[in-house]
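Peer 1: Got a structure here, written out as structure tokens. Questions coming.
The values are calculated or read from the model by the stated rules, or taken from the named source; none is laboratory data. Computed from a predicted model, the values in this text were never measured in an experiment. Note that each Cβ is placed from the backbone with ideal geometry, even for glycine, and that neighbours are counted across all protein chains shown. In case anyone asks, the SASA skips ligands and DNA or RNA and just uses the protein heavy atoms, side chains included. Shrake-Rupley method; radii C 1.70, N 1.55, O 1.52, S 1.80 Å.
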Amino acid sequence: MNIFDKKTKTPSQTVIQDVCKVKKGERVLIIANPATNMISQELYKAASEAGARPTLVFQPHKTSQDFCEETVIGAIKSEPEVIFSISEIKLGKDEKAIMNPYKTEDGMTWDNTFDYLLNGKKCIRAVWTPGLTEDMYERTVNIDYKKLAENCKALCEKYRDAESVHVTSPSGTDITIGLKGRAGMVDDGDFSKPGSGGNIPAGETFISPVVGTSEGTIVFDGSMTFSDGDSILKTPITCKVEKGFVTEVTGGEEAKRLLKDITQAEKDAVAMEASGKLPAGQGAVYARNARNIGELGIGLNPAACITGNMLEDEKAFRTCHFAIGENYDGDAPALIHFDGVVRKPTIVIKYADGKEVVVLEDGDLKL
């Protein structure tokens, strides 16, 4: 069955009408690659039907190491009310913003115009879909967003005033990460207000560990992001973590592949500073953070499963994921953000008064 031949609401109509709540007259920018043509065209059509003013632009395929086209950055700078990044892999980095980051009054810096407008200036709503396929789009978009929002909110409440979280799994994960002062974030499919945004498919809560606090071992046994895409893991990857950073990567060929990509990101950061593409002193910072534990996420989309595509895998029930590289709180910039999935985790949140709360037990949600 063609995903766009349904008599019921199409995935694109759900995204435009229910997820982003696009209004008549709003400017909608859709950034795509040739490989995502069908989905981007359907979003354009659904936005037009809603009375919006959509613009669709294509740029070449971009990886996590590539720069976004300057004309696309220019379109983003026009500050449309809604932006969709429908990318085969990534939107691309913002070369000029990396060299001269945006700064907000609260002291935060942003090395990408997209992130600055969304999280700093909070003047746009946005959706980004690195790796979205038509099959995934059909299966995972039309879900119960009310229930998803309830689960996301409940989990984020558990993070309030937390000191740390302890994650274990049957495959050998055993790591504690510091959370003091951090707030949980949600990808709950409600991107209707300025400053809100997330993935399609939606469905996770996530939090940035305090830099330098993660200690223990992560065993990725689901899937992993690499510089050239995502893969289901044939052999688990074991990462030893000390003082917040990955110090050792072991396993099979996939572990070697991950270590090679991390090492390349370190080298690229130093080279970018030498060529003037990073400010003086930032090469070492970006290189160091290529080994940072930047995220702990919990999958909450009931329609998602592990397929070897991280956009969906990280949303799957009974999983969590950690990211190596850049975080979401802006204090650990890096050239990479590689997500890896852990199956059937047990997650225990700990508080300063000694209280402990189990939110996942062998993958089962405990709310």
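Peer 1: Which members of the stretch 159-178 meet the condition of being closer than 15 Å to LYS366 by Cβ and either part of a loop (DSSP other than H, G, I, E, B) or within 21 Å of the chain's Cα centre (by Cα) (or both)? Write out each step before concluding.
Peer 2: Narrowing the stretch 159-178 to residues closer than 15 Å to LYS366 by Cβ: 159, 165-168.
Passing the criteria: TYR159, VAL165, VAL167.
Peer 1: Being touching a Ser or Thr at 6+ places or on another chain (Cβ under 7 Å), charged (D, E, K, R) and modelled with pLDDT under 95 is the filter here, so list the residues in the stretch 320-367 that pass it.
Peer 2: Passing the criteria: only ASP329.
Peer 1: Let me ask something else about it. Looking at the stretch 311-357, which of its residues are more than 20 Å from SER214 (Cβ to Cβ) and either assigned to a loop (DSSP other than H, G, I, E, B) or of a type in the set (A, V, I, L, M, F, W, C) (or both)? Working first, answer last.
Peer 2: As a first pass, look at the stretch 311-357 and keep what is more than 20 Å from SER214 (Cβ to Cβ): 311-313, 315-318, 344, 353-355.
Across the stretch 311-357, the qualifying residues are LEU311, LYS315, ALA316, PHE317, ARG318, LYS344, ASP353, GLY354, LYS355.
Peer 1: Does GLY51 qualify as being at positive phi, within 22 Å of the chain's Cα centre (by Cα), open to solvent by less than 60 Å² (accessible area, probe 1.4 Å) and small (Gly, Ala, Ser)? Step through it out loud before you land on a result.
Peer 2: Numbers: at positive phi: yes; within 22 Å of the chain's Cα centre (by Cα): no; open to solvent by less than 60 Å² (accessible area, probe 1.4 Å): yes; small (Gly, Ala, Ser): yes.
Taking the combined requirement at face value, the residue does not satisfy it.
Peer 1: Checking the condition among the hydrophobic types (A, V, I, L, M, F, W, C) and within 13 Å of ILE324 (Cα to Cα), which residue from LEU258, LEU278 passes?
Peer 2: Values: LEU278 fails: within 13 Å of ILE324 (Cα to Cα).
That would be LEU258, the only listed residue that is among the hydrophobic types (A, V, I, L, M, F, W, C) and within 13 Å of ILE324 (Cα to Cα).
Peer 1: Could you say whether any residue in the stretch 168-176 is touching a helix residue (DSSP H, G or I) at 6+ places or on another chain (Cβ under 8 Å) and buried (at least 19 other Cβ atoms within 10 Å of the Cβ)? Quick ask: steps written out before the conclusion?
Peer 2: Within the stretch 168-176, the subset touching a helix residue (DSSP H, G or I) at 6+ places or on another chain (Cβ under 8 Å) is none.
The answer is no, given that none of the residues of the stretch 168-176 is touching a helix residue (DSSP H, G or I) at 6+ places or on another chain (Cβ under 8 Å) and buried (at least 19 other Cβ atoms within 10 Å of the Cβ).
Peer 1: I'd like the full set of residues that are touching a Pro at 6+ places or on another chain (Cβ under 9 Å), aliphatic (A, V, I, L, M) and farther than 16 Å from ASP230 by Cβ, limited to the stretch 119-140.
Peer 2: Of everything in the stretch 119-140, just one residue is touching a Pro at 6+ places or on another chain (Cβ under 9 Å), aliphatic (A, V, I, L, M) and farther than 16 Å from ASP230 by Cβ, namely ILE124.
Peer 1: Is it fair to say LYS277 is of a type in the set (D, E, K, R) and under 22 Å from the mean Cα position of the chain (by Cα)? Talk me through it step by step, then tell me what you get.
Peer 2: Numbers: of a type in the set (D, E, K, R): yes; under 22 Å from the mean Cα position of the chain (by Cα): no.
Against the criterion (of a type in the set (D, E, K, R) and under 22 Å from the mean Cα position of the chain (by Cα)), LYS277 does not qualify.
Peer 1: Quickly run through the stretch 179-198 and pick out the residues that are among the charged types (D, E, K, R), in a loop (DSSP other than H, G, I, E, B) and either in contact with a strand residue (DSSP E or B) (Cβ under 8 Å, 6 or more places away or on another chain) or over 30 Å from TYR137 (Cβ atoms) (or both).
Peer 2: First, the residues of the stretch 179-198 that are among the charged types (D, E, K, R): 180, 182, 187-188, 190, 193.
From the residues that got through so far, the ones that are in a loop (DSSP other than H, G, I, E, B) too are 180, 182, 188, 190, 193.
Of everything in the stretch 179-198, those that are among the charged types (D, E, K, R), in a loop (DSSP other than H, G, I, E, B) and either in contact with a strand residue (DSSP E or B) (Cβ under 8 Å, 6 or more places away or on another chain) or over 30 Å from TYR137 (Cβ atoms) (or both) turn out to be LYS180, ARG182, ASP188, LYS193.
Peer 1: Moving to a separate point now. Scan the stretch 183-203 for residues that are crowded, with 23+ Cβ neighbours inside 10 Å and of a type in the set (D, E, K, R) and jot them down.
Peer 2: ASP187, ASP188
Peer 1: Can you work out which of the residues in the stretch 261-319 that are among the acidic types (Asp, Glu) and farther than 19 Å from TRP128 by Cβ is least open to solvent (accessible area, probe 1.4 Å)? Can you show your working first?
Peer 2: Filtering the stretch 261-319 for residues among the acidic types (Asp, Glu) gives 261, 266, 268, 273, 295, 312-314.
Of the ones still in play, those that are also farther than 19 Å from TRP128 by Cβ are 261, 266, 268, 273.
Values: ASP261: 20, GLU266: 42, ASP268: 43, GLU273: 63 Å².
Out of the qualifying residues, it is ASP261.
Peer 1: Here's another thing I want to ask about it. Can you find, within the stretch 64-103, the residue that is nearest to VAL15 (Cα to Cα) among those that are assigned to a loop (DSSP other than H, G, I, E, B), open to solvent by 30 Å² or more (accessible area, probe 1.4 Å) and not charged (D, E, K, R)? Before you say what the answer is, go through the steps one by one.
Peer 2: We begin by selecting, within the stretch 64-103, every residue assigned to a loop (DSSP other than H, G, I, E, B); these are 64-66, 68-69, 78-81, 87-92, 94, 100-101.
Now restrict to residues that are open to solvent by 30 Å² or more (accessible area, probe 1.4 Å): 65-66, 69, 78-79, 81, 88-90, 100-101.
Within this subset, residues satisfying the condition of being not charged (D, E, K, R) are 65, 78, 89, 100-101.
Numbers: GLN65: 29, SER78: 22, ILE89: 20, ASN100: 34, PRO101: 31 Å.
Only one residue tops the list, namely ILE89.
Peer 1: VAL246 fails exactly one of the following numbered conditions: (1) open to solvent by 10 Å² or more (accessible area, probe 1.4 Å); (2) within 22 Å of the chain's Cα centre (by Cα). What is the number of that condition?
Peer 2: (1) is the only condition that VAL246 fails.
Peer 1: Still on this structure, I have one more. Sort out for me the strands (runs of 3 or more DSSP E) sitting completely within the stretch 199-254 that have 2 or more residues that are of a type in the set (A, V, I, L, M, F, W, C).
Peer 2: Working: elements: 204-207, 215-220, 223-226, 229-232, 237-242, 245-250.
Result: 204-207, 215-220, 223-226, 237-242, 245-250.
Peer 1: Look at the stretch 207-241 and say how many of its residues are small (Gly, Ala, Ser), buried (at least 17 other Cβ atoms within 10 Å of the Cβ) and modelled with pLDDT under 95. Show your work before the answer.
Peer 2: Our first condition is that a residue be small (Gly, Ala, Ser); within the stretch 207-241, this holds for 208, 212, 214, 216, 222-223, 227, 229, 231.
In the following step, the residues that additionally are buried (at least 17 other Cβ atoms within 10 Å of the Cβ) were identified as 208, 214, 216, 222-223, 227.
Now drop any that are not modelled with pLDDT under 95, which leaves 227.
Total satisfying the criteria: 1.
Peer 1: Could you tell me whether LEU258 is surrounded by 21 or more Cβ atoms within 10 Å (Cβ to Cβ), farther than 26 Å from VAL341 by Cα and either at pLDDT 95 or above or more than 19 Å from the chain's Cα centre (by Cα) (or both)?
Peer 2: Working: surrounded by 21 or more Cβ atoms within 10 Å (Cβ to Cβ): yes; farther than 26 Å from VAL341 by Cα: no; either at pLDDT 95 or above or more than 19 Å from the chain's Cα centre (by Cα) (or both): yes.
No.
Peer 1: Mind listing whichever residues of the stretch 261-286 are assigned to a loop (DSSP other than H, G, I, E, B) and either under 17 Å from HIS337 (Cβ atoms) or in contact with a helix residue (DSSP H, G or I) (Cβ under 8 Å, 6 or more places away or on another chain) (or both)? Please lay out each step first, then the result.
Peer 2: In the first step, residues of the stretch 261-286 are kept if they are assigned to a loop (DSSP other than H, G, I, E, B); the result is 275-281.
GLY276, LYS277, LEU278, PRO279, ALA280, GLY281 - these are the residues of the stretch 261-286 that are assigned to a loop (DSSP other than H, G, I, E, B) and either under 17 Å from HIS337 (Cβ atoms) or in contact with a helix residue (DSSP H, G or I) (Cβ under 8 Å, 6 or more places away or on another chain) (or both).
Peer 1: Exactly one of (1) over 21 Å from the mean Cα position of the chain (by Cα); (2) within 16 Å of LEU132 (Cα to Cα); (3) of a type outside the set (Lys, Arg) is unmet by THR71. Its number?
Peer 2: Status for THR71: all satisfied but (2).
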